[in-house]
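Following: one structure in structure tokens, then a few remarks.
The values are calculated or read from the model by the stated rules, or taken from the named source; none is laboratory data. The structure presented is a predicted model; accordingly, all values stated were derived computationally and were not measured. So basically every Cβ, Gly included, is an ideal-geometry build from the backbone, and we count neighbours across all protein chains shown.
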């Protein structure tokens, strides 16, 4: 059995490496800016969804407030750059660290709650973060913050009009989150977290520290979400509470994982690859008139996929069963 | 603050709190029955408000007279949502919790888009009703009549829900909640009870929506903020507890009203959320929650 698992995990790593190699070179052939933009956003949300998967999928805690960690990451990295001149190449990691800290801070009270009580508490925490940033003048309040345009360089993580370097940056982000999930899956922590998800009482009787498990999963998830938020801020060049902290981001971060397959390595990526292009294309082709057709399509798709494939789209590819270690 | 201001603010909080309580009661009823949080609850309220607006525009019928019509529409709509979607979501084998959350989320987004498609994004309001611009002066404290009527109707609807829970049907509801499998053995059709539960929940929020339409603007996003307050109310009162919803609704109405005055109006929800988190620290299952 052990052998089988090790072999399968090695195979997954090789497949991921091959896919990464393809993903590094293939976009070089794409010149269309709109297409590149959609790919960049899809990759970014694949990474964010993977980050959510760590707490929501592996540890089973349905957080609907991840926009706070996302927004914290982008605000911290942006303000460090604008106010203190710290280059974003360092700032994004500090943004991530603050995201992780925020997740611990939120987790400390919220993990006393379980089930729906936890989910609703995270919605509320997200809303509190949004309202505070909206009314906080030091961070730009409702006006937001512009990221000054600097000379394209790796230190500043700014590349002017060239989209390809951004694409590689988010690709590195996706690879990092995937690798983190892969490492967790095979580690002692990963087993403990899945035990927490499946049966709290049984996990406790086996000596798993429930609270510590949730906190650790939450911190790692928050770190990567903050990192993604910082990268997103750099990419769009302007942040305000509505564009990085609004509640719908929390849904958008969780949704690819739910559609693709919770607690699976490939679910978040598959879900984002489907959801984000559909959302972007429908809002640019149908949403322009402000008639809400894009929202109807988006909502209907969520309902249909959730009902038709509750175990996630990843199950269409056969392979392993949901939740198997 | 003078005593008069305090009383005036308290009166405003009381009237709003009763509306919150009824919105939350519908949510709590559905949750207590089948462990499903309806994330489209606010959107059902929004639909009720638009229904009032459309009927008022077409026929000039006063919102008060529309109450039974719109409540019945919402009742049927709630049953249809159960039959079409929720029954299916309850039947899935995997990730049942997540499927339920995201199916109702998807429904919320769909309804919001549909409202925007049909009525556009701009705010609408019902004007010149029987009650608009009138108010009752009680010892120097003003009670605007639309709000007062809304609060009274919500209280009556709340009492109605409590009465229903004492009837034969209410006992069947209670039994289904206690043990879904066992009720089938004594001849209770679980699916029918659940569908009626959804009808009642949607009808309750529909009544709140009708009364709210008498003094509040209607727009595709109006449901979202009310729904958030409703989730907080239900979690604060305790999922599945009707009395809890009433107490928590009133508490939230007051906290909101006083935060708006003491801090500033744009921060009024911060006070509500703060109190909610504080209470959950000491009572993780809300004030009256057993589940």
Among B:280, B:267, B:250, the single one that is in a helix (DSSP H, G or I), at pLDDT 90 or above and at negative phi is B:250
Evaluate the following for residue B:158: is it more than 14 Å from every other protein chain (Cβ to nearest Cβ), at negative phi, part of a strand (DSSP E or B) and buried (at least 17 other Cβ atoms within 10 Å of the Cβ)? no
| query | residue A:21: outside any loop (DSSP other than H, G, I, E, B), at negative phi and at pLDDT below 90, yes or no? | reply | yes
**Prompt:** Looking at this structure, is residue A:189 surrounded by 13 or more Cβ atoms within 10 Å (Cβ to Cβ), away from chain B (no Cβ under 14 Å) and either at pLDDT below 90 or farther than 30 Å from residue B:274 by Cα (or both)?
**Reply:** yes
Pairing a residue in the range B:273-287 that is within 12 Å of residue A:109 (Cα to Cα) with any residue that is part of a loop (DSSP other than H, G, I, E, B), where Cβ atoms lie under 6 Å and the two sit 6 or more apart in sequence or on different chains, gives B:284/A:112; B:284/A:113
Checking A:202, A:172, A:150, A:180 in turn, the sole residue that is more than 14 Å from chain B (Cβ to nearest Cβ), in contact with a strand residue (DSSP E or B) (Cβ under 6 Å, 6 or more places away or on another chain) and surrounded by fewer than 20 Cβ atoms within 10 Å (Cβ to Cβ) turns out to be A:150
In the range A:37-47, is there at least one residue being surrounded by fewer than 24 Cβ atoms within 10 Å (Cβ to Cβ), out of contact with any helix residue (DSSP H, G or I) (no Cβ under 7 Å at 6 or more places or on another chain) and in a helix (DSSP H, G or I)? yes
Going through the range A:87-101 in order, the residues found to be surrounded by 15 or more Cβ atoms within 10 Å (Cβ to Cβ) and without any contact (Cβ under 8 Å) to a residue 12 or more places away in the chain are none
Selection from the range A:261-282 of residues assigned to a helix (DSSP H, G or I) and within 12 Å of another protein chain (Cβ to nearest Cβ) yields A:267, A:271, A:275, A:279, A:282
Residue hits (the range A:295-307; surrounded by 23 or more Cβ atoms within 10 Å (Cβ to Cβ) and more than 7 Å from chain B (Cβ to nearest Cβ)) are A:305
Out of (1) in contact (Cβ under 8 Å) with a residue 40 or more places away in the chain; (2) surrounded by fewer than 20 Cβ atoms within 10 Å (Cβ to Cβ); (3) within 14 Å of another protein chain (Cβ to nearest Cβ); (4) in contact with a helix residue (DSSP H, G or I) (Cβ under 6 Å, 6 or more places away or on another chain), the one residue A:104 does not meet is (3)
